[in-house]
Structure formats: C-alpha cells, structure tokens
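Nothing in this text is a laboratory measurement; each read-out follows from the coordinates by a stated rule. Since the model is a prediction, treat every value here as computed from it, not as a measurement. When we count neighbours, we look across all protein chains shown, and the Cβ atoms used for this are built from the backbone with ideal geometry, even at glycine.
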Amino acid sequence: MISIPVQAMYEQDAVTIKAQVGDLSVFVAWEAGRALLLEEALAEALAATEAIAITEEGAS
C-alpha cells in the first residue's frame, strides 16, 4: 500500500506530466512500459536514474 503523502505526490506528478506532454503520450508510454519484461523495466529505470545523476552532476 502506498502512503497518502506518496500517493498525493504521484497524482500531482501525473497531472503535471499530462499537462506537459498530453494524455495520449502518457497513455502510449504507460502501455509500452507495461509490455516490458521485469528485467527490461529495471534496465530502463537504472538508465534513467544514471541519466538524472549525470544531469544533476553537470548542473552543480
């Protein structure tokens, strides 16, 4: 179960993302993610985390 503060943050993030890219883009990305195998999803998450770390490192 997700805690209420985490759920609220998730919902706000979802609203922000949909406003930026549109409902259809979010739907397509969500469905593509659902089609991934666990290993593929983990690899994508790790790559995204590394890209964020590199971006934040460069901004410092």
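For this structure, a couple of remarks:
- If you take the alpha carbon atoms of the chain and fit the smallest convex hull around them, that volume is 126 Å³ per residue.
- Taking every full run of DSSP H in the chain, the ones that stretch at least 27 Å from end to end by Cα along their long axis and average 0.5 or higher on the Kyte-Doolittle scale are 38-59.
- Charge sum, other residues only, whose C-beta stays under 15 Å from P5's C-beta, Lys/Arg counted +1 and Asp/Glu -1: -2
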